[in-house]
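The values are calculated or read from the model by the stated rules, or taken from the named source; none is laboratory data. Values in this document were obtained by computation on a predicted structure and should not be read as measured data. Every residue, glycine among them, receives a Cβ derived from its backbone with ideal geometry; neighbour counts consider all protein chains shown.
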Amino acid sequence: MHPPTHRATSRGTRWSGAPTAAALGAQVEGGKKITVSWAAATDADGNLSGYALERQVAGGAWSQVYKGAALSFADTITKGWATVAYRVRAYDSYNVYSDYVTSPTRTVNNNTAPTISCGNASGSDLGTKNTGFAVAYTVNDVDGNTVKVTEKLDGVVKRTYNATLGQSNSFDVTGSYYMQVLNGRHTLTIEANDGKVTTTHTLYFTKAVHACKISLVNPLPANAQITVMILSVLSSIPADANYRVMVTNNAKDTSPVWEDATADVRRGVNHLFTNRTAAKGFAFNFILTASRGASGTGGHITSIGGGFE
């Protein structure tokens with residue numbers, strides 16, 4: 001604490017003790033408010049009236065920005081200022097002022113953080129998803145800085161790229177990427193960093209898929225009649241699940257002949273085709289379907305392999 005300030009009068013000696021050190025945050029951002037605070041001063045006469053706060057911009061002249069009894073003041077920092085400092089002193093009912101207490105000088109950060117515009121506000125829950133989906137968003141930066149965008153699912157990076165400002169982007173949770181996401185609640189995070197500060201947009205969703213259907217997009221052709229096949233399904237399928245494997249050896253025909261090979265696949269043995277005709281040439285395909293049974297117990301399919309001849 002600074003020593004009290006004295007003033008001699010016909011009534012005696014009047015004095016005011018200085019407040020303790022003025023404090024302001026380490027980060028001062030242009031265009032935003034900052035709170036300057038100080039601890040109460042003491043006055044032996046018991047007639048402390050308040051405090052006078054002054055501001056200095058870029059080492060220039062001091063100007064008063066507040067006078068009153070409060071112990072803090074929220075000041076607006078003008079974007080473009082280089083530095084700012086504050087000093088405060090107490091005064092009493094006789095208008096006697098204490099010594100000044102001066103804050104550290106802070107450099108003003110005039111950078112404006114990048115923005116992420118999205119149809120779903122940050123913190124929103126997108127609800128339950130039982131199929132792939134995408135989230136559209138746009139990144140902007142008023143300072144025109146290069147903005148690096150990082151998309152994450154449950155904290156794991158999906159992709160990173162430099163954004164074209166103002167252009168619509170899409171966080172895709174689709175296709176094989178969606179298929180690898182387990183059932184349950186998940187977090188999507190979009191981060192935009194301009195080299196100085198990061199803006200984060202967070203969304204939530206719950207995946208709830210209780211059935212699947214797997215097939216080849218394009219059948220596998222053969223030069224001769226396909227008479228036998230074997231499929232190996234690496235999986236965890238509950239006993240009460242609805243599980244079926246259908247196979248065909250004339251997949252190119254308008255109406256393929258589908259044969260139930262579920263039992264053979266479960267046992268891991270060859271399936272012998274009964275069909276002997278193929279109008280458009282022999283070709284192999286399969287359709288595997290699985291869904292939860294009455295118990296509600298979940299399962300998964302890791303891989304499918306096999307062969308035919």
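Tabulated results
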item	result
Any hit, region 50-63, residues being in contact (Cβ under 8 Å) with a residue 40 or more places away in the chain, touching a Pro at 6+ places or on another chain (Cβ under 9 Å) and surrounded by 17 or more Cβ atoms within 10 Å (Cβ to Cβ)	yes
Selection count, region 1-60, where residues are part of a loop (DSSP other than H, G, I, E, B), in contact with a Lys or Arg (Cβ under 9 Å, 6 or more places away or on another chain), at pLDDT 85 or above and hydrophobic (A, V, I, L, M, F, W, C)	1
Entirely in region 128-244, the strands (runs of 3 or more DSSP E) that have 1 or more residues that are surrounded by 13 or more Cβ atoms within 10 Å (Cβ to Cβ), of a type in the set (Phe, Trp, Tyr) and in contact (Cβ under 8 Å) with a residue 12 or more places away in the chain	133-140, 168-173, 198-207
Answer residue from region 196-217, given it is under 26 Å from residue 113 (Cβ atoms) and at pLDDT 95 or above and is farthest from the chain's Cα centre (by Cα) among those	205
Options 306, 299; residue that is within 29 Å of residue 172 (Cα to Cα), surrounded by 14 or more Cβ atoms within 10 Å (Cβ to Cβ) and in contact with a Ser or Thr (Cβ under 6 Å, 6 or more places away or on another chain)	299
Residue 111 modelled with pLDDT under 95, under 30 Å from residue 44 (Cα atoms), of a type in the set (S, T, N, Q) and not in a strand (DSSP E or B)	no
Members of region 75-84 that are among the small types (Gly, Ala, Ser) and at pLDDT below 95	80
Scope region 103-127; condition without any contact (Cβ under 8 Å) to a residue 60 or more places away in the chain, under 30 Å from residue 166 (Cβ atoms) and touching a strand residue (DSSP E or B) at 6+ places or on another chain (Cβ under 6 Å); matching residues	117
Candidate set from region 26-37 (those that are touching a residue at least 60 places away in the same chain (Cβ under 8 Å) and out of contact with any Leu (no Cβ under 6 Å at 6 or more places or on another chain)); member that is surrounded by the fewest Cβ atoms within 10 Å (Cβ to Cβ)	26
Per-region count, region 64-102, residues without any contact (Cβ under 8 Å) to a residue 40 or more places away in the chain, small (Gly, Ala, Ser), in a strand (DSSP E or B) and under 30 Å from residue 143 (Cα atoms)	1
Every residue from region 88-128 that is of a type in the set (Val, Ile, Thr) and out of contact with any Pro (no Cβ under 7 Å at 6 or more places or on another chain)	96, 102, 105, 107, 108, 112, 115, 116, 128
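Conditions (1) within 30 Å of residue 183 (Cβ to Cβ); (2) at pLDDT 95 or above; (3) in contact with an Asp or Glu (Cβ under 8 Å, 6 or more places away or on another chain), marked per residue:
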position	(1), (2), (3)
235	yes, no, no
239	yes, no, no
248	no, yes, yes
252	no, yes, no
257	no, yes, no
264	yes, yes, no
283	no, yes, no
292	yes, no, no
